[in-house]
Amino acid sequence: MLRKLKRTQEQWGGSSDVIDHWLDSRQRLIVEFCKLAALQPTSSKTAVVELPTPAELQHFCGELVDYISEGHFKIYDMVMDKWRSTGFEATDEINDTYGKIVLTTEPLLNFTDKYAAVSDDETLDDFDADMSEIGEVIEERFEVEDRLIQLIADSLAIPPGA
């Protein structure tokens, strides 16, 4: 995830305040995911199993909800405002790409529903599998967001009606 983010930052960083903000938010989420993933149990029988604390889980879940919310209610609105100011209208491809991002929202929110309010005495039996699954969903979301960034950049490079 971090390598892909670095490539995306190299490609699109500095091209737009909106994109820079989006990528900064993504970086914060990746860092928090990596911190949490580093606490997962290992397959070694001699390794000490270290699971996250409720506070660590709550913090990550908060970052995840913030990232999702910011995307849906701030970033995308900022993009649409910029498009409108230039006379641009979203294409079917942009709308379809956004729809693919929306499809990743429910599994991410399900994770936060499950882990945001865990207590110290919960065993977190499914945590390893859930972290793996959520990592895949986050990765998928980032790929689709990168595609959306590409479509946005391409659309803004060509004046409406050209």
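The values are calculated or read from the model by the stated rules, or taken from the named source; none is laboratory data. Fair warning: this is a prediction, and the values are worked out from it, not measured in the lab. Virtual Cβ from ideal backbone geometry, glycine too; neighbours counted across all protein chains shown. Ligands, DNA and RNA are stripped out before the accessible areas are found, and what is left, the full protein with its side chains, is counted by its heavy atoms. Shrake-Rupley method; radii C 1.70, N 1.55, O 1.52, S 1.80 Å.
Quick notes
- Cross-link partners of Lys82 among lysines (Cα-Cα below 27 Å; sequence separation of 8 or more within a chain): Lys4, Lys6, Lys74, Lys100
- Net charge of Cβ neighbours under 14 Å - reference Glu143; Lys, Arg +1; Asp, Glu -1: +2
- Protection proxy ranking for 93-106, 114-127, using the average of other Cβ atoms within 10 Å per residue and placing the highest first: 93-106, 114-127.
- Candidate aspartates and glutamates - alpha carbon under 18 Å from Lys114, same-chain residues fewer than 8 apart omitted: Glu32, Glu56, Glu63, Asp66, Glu106, Glu122, Asp125, Asp126, Asp128, Asp130, Glu133, Glu136
- Accessible surface of the range 108-157, 1.4 Å probe, proportion on carbon and sulfur as whole %: 44 percent
- Share of Cα-Cα pairs in the chain lying beyond 28 Å, as whole percent: 29 percent
- Per residue, the accessible area of the chain comes to 58 Å² when a 1.4 Å probe rolls over the protein heavy atoms.
- Dividing the summed helix terms, -39500 (n - 2.57) for each DSSP H run of n ≥ 4, by the number of residues in the chain produces a 222 nm estimate of -24500 deg cm²/dmol to the nearest 500.
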